[in-house]
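Worksheet for the structure shown next.
We did not get these values from a lab; they are worked out from the coordinates using the rules stated. What you see is a predicted model, and the numbers here were worked out from it, not measured in a lab. Every residue, glycine as well, gets a Cβ built from its backbone with ideal geometry; the counts of neighbours run over all protein chains shown.
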Amino acid sequence: MIYVPFLILSISFIFSYSFLHWLLVMQFQLPINEDLVHIWLAACLPWIPIYIWLRPRVKLLILKDKKGNLPYLYLFIAGFTIIITTVIAQNYLSTAAGQLTTLSHIGAINKSPLTKYYKLKYYFIDKQHSAAQRRSEVSGRNNEYLSFYIDVACPILDQSPQIEKDSSQALSIPGGKKALLVVNGKVLSNDTIINILKANDIKTISVLKGAAASALYGNQAPNGVILITTKTLQEIRSEYFAHRIPSAWLGVEFSKSVSNHESDSAKESDYKEFISSVENEFTQKDLGGFVYLDRIGNNSRHKGYLKAIEKDISNLKAPIIFESKNEAFEARNGKSLEWTFGSFGIGIAVWLLMILTPKLNNKEIEKFSDPGKKSEWDSFYTSLLKLRIDKNSNFKATAIIIGLNLLVFIIMAFAGLGFISFEASDLFAWGANYRPAVIDGQWWRLLTSIFLYGGLMHLLNNMYGLFFAAIFLEPVLRSLKYMLAYLFCGLAGSLASIWWHPATIGVGASGAIFGLYGILIVLLITNRVNQSGKKFLLINCLIFTGINLLIGLTGGIDNAAHIGGLISGLFLGIIFYFFTDPPKQKRKYTKRVKPEMTLNDESTESHKSAIGEV
């Protein structure tokens, strides 16, 4: 009744999930983020069948502890077994199902269906015309980590290095050694600059003689001036790729993590040091020493490489991007298959021992075996209906706000923008707050930014703070005033953010949430909230706001939005005091006692005679 259904549920989920992964992502090539498929969906979806089918069966066991947490422990071990096995299985599926294709040269890659792995006989990795994309991400519960990334994409060509070298000839200027040589407005040594400059790097050359040369450069130019303007790096690269479109690219990623609580000057120093080390490492790195190439899917690295490529070739559709692998192709799976069966075997063995330990609850077994009992799915559907928002609900606005935040986050995740964290450029494209853009007329960013989040932990922390405030505040303000207060405080926080930060990407509802706590603090010190537990709640609100403001001082957190939202919330709290009815006082009921009857002698005698007759 318990163990066999668990085995069936586990095996069915692992095989079904793996099949859908193979079909949708690997066969139909749907652009779903790899991290989402390999980890996060595999970690979230198993709890649905566990809640529907396994939870009622765990109730058949007599599990008693002081806090009543044992049933949750059983469900957690069951879910953990399914999740770990599913995650490891997806890694094995991705590597084992990929086919290896051998090509004589990279230009032949478009003549046959794409596979995951490739071997090349002849190729040239063009490091000279590589493209780079810099990005940074914050992570951790309180954004305590800052990670720098540089994604470099190098063209993979068929031509040899000798052909590429001969395409650029040294600069030769007749009379250049006598005339003053000025390059991009700077006077430079003639011998040095002529040896360094290449003919295809020159954009314009003009000559000044006589009075014109003397007027600009005086005695420095007795023999005239040669003015040279060089092409920008972007112009050189655009000309290069206008004549050749690489068939594929080789991607290399460099990264470094630092504390996000450092000062801005320390972060800047770390960033410059990181760039310098990457330049040296990339120069010395042998990109051609690989055994085979792995065509990467939709992940954060692929997105970084793609943005780097698009700087030079804007109209390129779906470029093929590889990463090099240096181990033998036969060793690509590692020990994924062994870990898949091993983790599943350990998990089901532990769970078997756990359910054999307690006794069975005979009464619950009778209920569970009742033919007239609703199925688990019907019970789950009924419980979902109980969660619907009806007209009598006091948390309609909170449900709508949380739903909108989750919806935007899910859409961004499925769009392949990330899950644990999002890049600043993607957040900006989706409506993040940014002073230059707002001043330029994009005022809507002040509102849209409060529904965007930098990553999963940022979302969860904000929703937890919002829900805690909503429990006490929305029933007092009612849904309409609560929603308006949330939006007003969010806008105030966004305005404070762009006032304080001249050029910083800002996202999150922390300004709006701090505003709600500000309103709650004002109402708690007045008579607009019930007396029961008011002092304890006020202390918790003050501790919450104080600790978060102190954490914001350590860096990496938009404290300006917090303070702006809090001040606006305190202001709104004063206004709401005059437009909110005080809580109804509970009626004090007094027991009414009937007055004692005073009997005279005559009535007493008649009463006694009546009793005697009875």
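Strictly greater than 13 Å: what percent of every Cα pair in the stretch 1-52 meets that? Of the Cα pairs, 63 percent sit more than 13 Å apart. A full extension of the chain between THR357 and ASN333 corresponds to an added length of 4.9 nm, given 0.36 nm per residue minus the alpha carbon distance. Given their separation in residues at 0.36 nm each and the Cα-Cα distance between them, GLN220 and LEU484 gain 88.0 nm when the chain is fully extended. What the pair-distance distribution of the stretch 1-112 shows, using all Cα-Cα distances binned every 5 Å from zero, is 2, 10, 18, 17, 13, 12, 8, 6, 4, 3, 2, 2, 1, 1 percent. FRET efficiency for SER269 and ILE11, Cβ-Cβ distance as r, R0 = 56 Å, nearest 0.05? Result of the calculation: an efficiency of 0.55. Once both labels are modelled 7 Å past Cα along the beta-carbon direction, what's the PHE19-GLU235 spacing in nm? Computed distance between label sites PHE19 and GLU235 equals 6.0 nm.
Sorting 509-518, 293-302 by their mean Cβ neighbour count within 10 Å, with the most densely packed peptide first, gives 509-518, 293-302. Summary of packing: across the peptides 467-476, 211-220, 147-156, 258-267, the per-residue average of other C-beta atoms within 10 Å ranks them, highest first, as 147-156, 467-476, 258-267, 211-220. Placing unit charges on the Cβ atoms of the charged side chains and taking the dipole of the stretch 420-501 about its Cα centre, the candidate lying farthest along the positive direction among TRP500, GLY490, TYR453 is GLY490. Sequence-ordered 3J(HN,Hα) estimates for the stretch 438-449 from the Karplus curve with 6.51, -1.76 and 1.60 and θ = phi - 60° stand at 5, 5, 6, x, 8, 5, 4, 5, 4, 8, 5, 5 Hz, glycine and proline given as x.
Less than 5 angstrom separates the built amide H of LEU61 from those of ASN361, all sequence-distant by 5 or more or on a different chain.
Ignoring solvent entirely, what values of log10 I(q)/I(0) come out of the Debye formula for the stretch 397-579 at 0.17 Å⁻¹ when each Cα is a single scatterer? Normalising to I(0) and taking log10 leaves -1.04.
Ranked by the mean number of other Cβ atoms within 10 Å per residue, highest first, peptides 350-358, 39-47 order as 39-47, 350-358. Cβ-Cβ distance of LEU188 and GLU144, R₀ of 45 Å, FRET efficiency by 1/(1 + (r/R0)^6): the value works out to about 0.45. Cβ-Cβ distance of ILE525 and PHE467, R₀ of 30 Å, FRET efficiency by 1/(1 + (r/R0)^6): the value works out to about 0.85.
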